[in-house]
């Protein structure tokens, strides 16, 4: 009986863990193609389903008649095949991941499909469709670690984030990270929702100082942070547009 209870517990933990790390971004495998900029989406758009393994009900695309002019790459429309309506999706529903570059976020994976939440509706995209279009699913933890050199810096969400010796909440707190003078650099060493990071504490923010780099640095630390929250979203933020 005890063994069975342990197995059930471990299975429950595994299921719960799988649920919270599902959030991420739909990113192109080749980012230099101007046809997919500046909201990352294939030229032919993304097909939308009403449910995983459900019916095709629409498309996310910029290829609609009214989308003209030099700003057309900054617009994505939800084309509803049932109502024949074309609705422009505001940029706030996408994630800015670079200077005027946005990506489609997903918040759940189920049976080979991922969910995009819009206007209180669940829109489902097929993973095979995404792959065939030259795109990939990138979870937040991977995205953050892969873009240390591409983004200005990462900083703890309010009210702060504990830097710990080991990747668990029982471990000793090295420092509580707060504000924009404690720059976090994620490594590619992960343990569940935790990531090993390097932290540089500066006198002034690098964008607003005349101090030489070495003179501006107060302290350098290493440790672990719970980089992804239980809601599946990052516990850190970044400057997408530089200084």
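Any read-out appearing in this document is the output of simple, stated calculations on the displayed coordinates, not a laboratory observation. These figures come from a predicted structure and were not determined experimentally. Here the Cβ positions follow ideal geometry from the backbone for every residue, glycine too, while neighbour counts run over all protein chains shown.
So which residue, out of 108, 120, 92, gets the largest mean-square fluctuation from a GNM of the chain using Cα contacts under 10 Å as springs?
120
Rank 56, 218, 173 by mean-square fluctuation in a GNM of the chain with C-alpha springs under 10 angstrom and give only the top-ranked residue.
Ranking 56, 218, 173 by mean-square fluctuation puts 218 first.
No solvent, one uniform scatterer per C-alpha: report log10 I(q)/I(0) for region 22-144 via the Debye equation at q = 0.12, 0.17 1/Å, two decimals.
With one equal scatterer per Cα and no solvent, log10 I(q)/I(0) is -0.39, -0.83.
Test of understanding: in a Gaussian network model of the chain with alpha carbons linked when under 10 Å, which of 119, 230, 158 would top the mean-square fluctuation ranking?
Result for the chain, Cα springs under 10 Å: 119 fluctuates most.
Rounded to the nearest 0.05, what FRET efficiency do residue 217 and residue 241 give with R0 = 30 Å and r taken as the Cβ-Cβ distance? Could you check?
0.80
Given the Cα-Cα distance of residue 108 and residue 56 and 0.36 nm per residue of separation, how much length would full extension add, in nm? Don't skip to the end; give the middle numbers.
On the way: separation 52, 0.36 × 52 = 18.72 nm, distance 1.83 nm.
Result: 16.9 nm gained on full extension.
Treating only the Cα positions of region 154-238 as identical point scatterers, give the base-10 log of I(q)/I(0) from the Debye formula at each q in 0.12, 0.13, 0.17 Å⁻¹.
-0.34, -0.40, -0.65
Calculate how steeply helix 2-20 sits against the longest principal axis of the alpha-carbon atoms of the chain, using the helix alpha-carbon long axis, and give the answer as 0 to 90 degrees to the nearest 10.
The two axes meet at around 70 degrees.
Report the per residue volume, in Å³, of the convex hull enclosing the C-alpha atoms of the chain.
Working: hull volume 38.5 nm³, N = 243.
Looking at the chain, the number lands at 158 Å³ per residue.
Please order 164, 241, 82, 65 by the number of other Cβ within 10 Å, starting at the fewest. Please list the in-between numbers first.
On the way: 164 19, 241 12, 82 9, 65 6.
Starting with the residue having the fewest Cβ neighbours, the order is 65, 82, 241, 164.
Please give the calculated 222 nm ellipticity per residue for the chain, where each DSSP H segment of at least 4 residues contributes -39500 (n - 2.57) and the sum is spread over every residue; nearest 500 deg cm²/dmol? Intermediate values should be presented prior to the final figure.
On the way: 4 runs with 36 residues, N = 243.
Rounded to the nearest 500, the figure is -4000 deg cm²/dmol.
Remind me, relative contact order of the chain in percent, using alpha carbon pairs under 8 angstrom and six or more residues apart?
On the way: 460 pairs, mean separation 44.9, N = 243.
Over the chain, the number comes to 18 percent.
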